[in-house]
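Engineer: The structure that follows is given in the form of structure tokens.
The values are calculated or read from the model by the stated rules, or taken from the named source; none is laboratory data. Given the structure is predicted, the values throughout are model-derived calculations rather than measurements. Methodologically, a virtual Cβ is constructed for each residue, glycine included, from the backbone with ideal geometry; neighbour enumeration extends over all protein chains shown. Protein only, heavy atoms only, side chains kept; ligands, DNA and RNA dropped before computing areas. Shrake-Rupley method; radii C 1.70, N 1.55, O 1.52, S 1.80 Å.
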Amino acid sequence: GAPEHISTATDYNIFVIYTKENYQLHVKFELFAKSLLKFANSGMLLHLHVLTDETSGHSVEQILESEIRRYRRSIIYSLYSMHLCAEQVMDIVNTMTPYFSSTPKSYYSDALFFLSLGLHRIADENMERAILLDCDIVFRADVRLLFNEFEKFAPDHLFGLAPELTPVYRHILYRYRANYPQTDFGSPFYLPPSQQQQQQQQMAANMVSEESSLVLHNGHKLHKLDRFHGPAKHGYPGLNSGVVLLHLQRIRKSSLYHHQLQDGQVRRLTSKYMFKGHLGDQDFFTLLGYEFPNLIYRLDCVWNRQLCTWWKDHGYSDVFDKYFTCKGRIKMYHGNCNARVPE
Ligand code: UPG
């Protein structure tokens, strides 16, 4: 490639969106940059790609330069015009917005909430892998360790996401769960032992009924088949898009993925699950993960320890803690819905 590609080529490509700056967002990005550099010990060069606008971009440069001086680290960073990036994914945004956005019309600002779905168009065509992060992420470990997770991807895995740690999809799947009371979709990741046992018994019982459901091809039976595909010992609470690992090379080549981005497929999925979302890309990833579990690598929650407790005070206090549990040493906190990150 061109000489500039050689000098900036690195395996550690991180994307983050920082637009429409305000004081709160400024503080978040400062913490993001500070903790990123603090824990990025010497080693292979990091390349930070920031999607921003003209006014917010000034802060990005100022914050990064000052933290780079403070921690005496060298990283590469590039600023992208969010406006141009939004144009590159407009078709995806227009398809997704009616299903996964609380605003009925598609505005330019909606693009940022669906950008992950088209990042393979924005990133350099030679870039094989990247990680997209919300700017309310705070690091407690070297981010380069997260890139090791790509090595655990199975050949079909396109994306890697951690579970959603609130009952938001229990709420959204309310009707579906009422129709299919045995489903684990929208249930917490860590199921109580009794429910695990029940799940295993059902799997054994289902082996008998599989044959007839294949003959019948009736929606309900096919659904049952889907549900018992693997030996699951956990629930499927949904996925969180604050941390997204993207195997760009595979995404670009996946006809299955590109087919799922079409309106007909999105309509099919949302109606199958009686789903009306409001969280953008993560709603789509959640449904994609339900329907095609082979496409998404499940990242451990220690890499995206969300802190939002909004649902605890909005009707789900009884079950909230089951969803909010994350065992293990936290590597990255996610201060979503303006939650405070512990010192
Ligand atoms: N962002 C901007 N400017 C804005 C708004 C958002 O740059 O005006 C960027 C920023 O990187 C931010 C990200 O977009 O971190 C996501 O937006 P944010 O407002 O942080 O979303 P939240 O409502 O806090 O989080 C919800 C979910 C979270 C999910 C996110 C995106 O709780 O888990 O990752 O939505 O779907």
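Engineer: Within the stretch 33-54, identify whether any single residue is within 13 Å of the ligand (Cβ to nearest atom) and open to solvent by 80 Å² or more (accessible area, probe 1.4 Å), and answer yes or no.
Structural biologist: no
Engineer: Next question. Quick one: how many residues across the stretch 256-306 are basic (Lys, Arg) and within 13 Å of the ligand (Cβ to nearest atom)?
Structural biologist: Residues that pass the stated criteria total 1.
Engineer: Search the stretch 183-201 for residues being part of a loop (DSSP other than H, G, I, E, B) and not polar (S, T, N, Q), and hand back the single one that is nearest to LEU173 (Cα to Cα). Write out each step before concluding.
Structural biologist: Start the filter on the stretch 183-201 by keeping residues that are part of a loop (DSSP other than H, G, I, E, B), which leaves 183-184, 186-192.
Keeping just the survivors that are not polar (S, T, N, Q) gives 184, 186, 188-192.
Numbers: ASP184: 11, GLY186: 7, PRO188: 13, PHE189: 15, TYR190: 18, LEU191: 18, PRO192: 20 Å.
Among residues in the stretch 183-201 that are part of a loop (DSSP other than H, G, I, E, B) and not polar (S, T, N, Q), the one nearest to LEU173 (Cα to Cα) is GLY186.
Engineer: Quick check on the stretch 73-90. Is at least one of its residues within 16 Å of the ligand (Cβ to nearest atom), more than 20 Å from SER241 (Cβ to Cβ) and among the hydrophobic types (A, V, I, L, M, F, W, C)?
Structural biologist: yes
Engineer: May I ask you to list pairs of residues, at least six apart or on different chains, whose Cβ atoms are under 7 Å apart, with the first in the stretch 14-25 being under 20 Å from SER78 (Cβ atoms) and touching a residue at least 24 places away in the same chain (Cβ under 8 Å) and the second being outside any strand (DSSP E or B) and small (Gly, Ala, Ser)?
Structural biologist: Qualifying pairs under 7 Å: TYR18/SER56; THR19/SER56; LYS20/SER56; GLU21/SER56; GLU21/SER59.
Engineer: Considering only residues of the stretch 59-116 that are basic (Lys, Arg) and open to solvent by 70 Å² or more (accessible area, probe 1.4 Å), which is modelled with the lowest pLDDT? So that I can check it myself, show each step before the final result.
Structural biologist: Filtering the stretch 59-116 for residues basic (Lys, Arg) gives 69-70, 72-73, 105.
Pick out the ones that are also open to solvent by 70 Å² or more (accessible area, probe 1.4 Å) and you get 69-70, 72, 105.
Working: ARG69: 94, ARG70: 94, ARG72: 88, LYS105: 65.
Going through the qualifying residues, I end up with LYS105.
Engineer: Hey, another quick one. Which residues, counting only those in the stretch 252-305, are aliphatic (A, V, I, L, M) and farther than 12 Å from PHE159 by Cα?
Structural biologist: If the condition is that a residue be aliphatic (A, V, I, L, M) and farther than 12 Å from PHE159 by Cα, then LEU256, LEU261, VAL266, LEU269, MET274, LEU279, LEU287, VAL302 are the ones that fit.
Engineer: Can you name the number of the only condition in (1) over 28 Å from VAL143 (Cα atoms); (2) open to solvent by 70 Å² or more (accessible area, probe 1.4 Å); (3) within 14 Å of the ligand (Cβ to nearest atom) that TRP311 fails?
Structural biologist: Looking at each condition in turn, TRP311 falls short on (2).
Engineer: Which of the residues belonging to the stretch 234-255 are open to solvent by 60 Å² or more (accessible area, probe 1.4 Å) and in contact with a Phe, Trp or Tyr (Cβ under 7 Å, 6 or more places away or on another chain)?
Structural biologist: The answer is TYR236, and nothing else.
Engineer: Among the residues of the stretch 143-182, what is the count of those that are crowded, with 19+ Cβ neighbours inside 10 Å and without any contact (Cβ under 8 Å) to a residue 60 or more places away in the chain?
Structural biologist: Total meeting the criteria: 1.
Condition check ((1) in contact with a helix residue (DSSP H, G or I) (Cβ under 8 Å, 6 or more places away or on another chain); (2) at pLDDT 95 or above) across all residues:
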site	(1), (2)
LYS276	yes, yes
LEU307	yes, yes
LYS312	yes, yes
ASP318	no, yes
LYS331	yes, yes
HIS334	no, yes
CYS337	yes, yes
PRO342	no, no
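Engineer: Right, another one. For the stretch 125-174, which strands (runs of 3 or more DSSP E) that fit wholly inside it have 2 or more residues that are touching a Gly at 6+ places or on another chain (Cβ under 8 Å)?
Structural biologist: It comes to 137-139, 159-163.
Engineer: Out of TYR323, TYR297, report the one residue that is touching a residue at least 60 places away in the same chain (Cβ under 8 Å), in contact with a strand residue (DSSP E or B) (Cβ under 9 Å, 6 or more places away or on another chain) and in a strand (DSSP E or B).
Structural biologist: So the residue among TYR323, TYR297 that is touching a residue at least 60 places away in the same chain (Cβ under 8 Å), in contact with a strand residue (DSSP E or B) (Cβ under 9 Å, 6 or more places away or on another chain) and in a strand (DSSP E or B) is TYR297.
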